[in-house]
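The values are calculated or read from the model by the stated rules, or taken from the named source; none is laboratory data. Just so we're clear, the structure is a prediction, and the values are computed from it rather than from any experiment. Cβ atoms come from the backbone with ideal geometry, glycine included; neighbour counts cover every protein chain shown.
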Amino acid sequence: MTTLPEMRDLTQRLLSYEACAGNTSEPVETITLRVYQKLRQSLGELAGTAGFHALASRALALARSEVPSLGAVQVGADGNLEGISAIEPSIKAEQDRVHEGGVILISRLLGLLFIFLGEALTLSLLREA
């Protein structure tokens, strides 16, 4: 099962927006984590920590099927991503792979939000994040 193109496009737009809003010298992984944290904070207010943990864990499991290197990553009890530093890139090709893993993870999370919350509520949460 691959990530839906619509979710990938939405994820790319979120990452681009966050990159423009933040420090342009930051690594791509930092931008991906910032987007993830904003989603965690926004959804945590709606679904609680346990609700976000469940969705993020499922999104990570789905993303691992496409990016096996995410196997080192876990969703902590508070919803934070743990072990992400274990896949830090050292060369350009690896940086692209890590970035792709982040895109797929966020895309999977957004896809689950669309399924469980619907498009209108998900887009509202994204605007608030």
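Here's the yes/no breakdown for (1) modelled with pLDDT of 90 or more; (2) under 18 Å from PHE116 (Cα atoms); (3) part of a helix (DSSP H, G or I):
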| residue | (1), (2), (3) |
| --- | --- |
| THR2 | no, no, no |
| CYS20 | no, no, yes |
| THR30 | no, no, yes |
| ARG34 | no, no, yes |
| ALA47 | no, yes, yes |
| ALA59 | yes, yes, yes |
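If only residues of region 70-98 that are touching a Ser or Thr at 6+ places or on another chain (Cβ under 7 Å) and at pLDDT below 90 are counted, the one that is surrounded by the fewest Cβ atoms within 10 Å (Cβ to Cβ) is ARG97. When region 62-85 is filtered for residues that are part of a loop (DSSP other than H, G, I, E, B) and either within 11 Å of GLY101 (Cα to Cα) or touching a Cys at 6+ places or on another chain (Cβ under 8 Å) (or both), the ones remaining, listed by number, are SER65, GLU66, VAL67, VAL73. Would you confirm whether or not region 99-108 contains a residue that is modelled with pLDDT of 85 or more and within 20 Å of ARG127 (Cβ to Cβ)? Yes, region 99-108 contains a residue that is modelled with pLDDT of 85 or more and within 20 Å of ARG127 (Cβ to Cβ).
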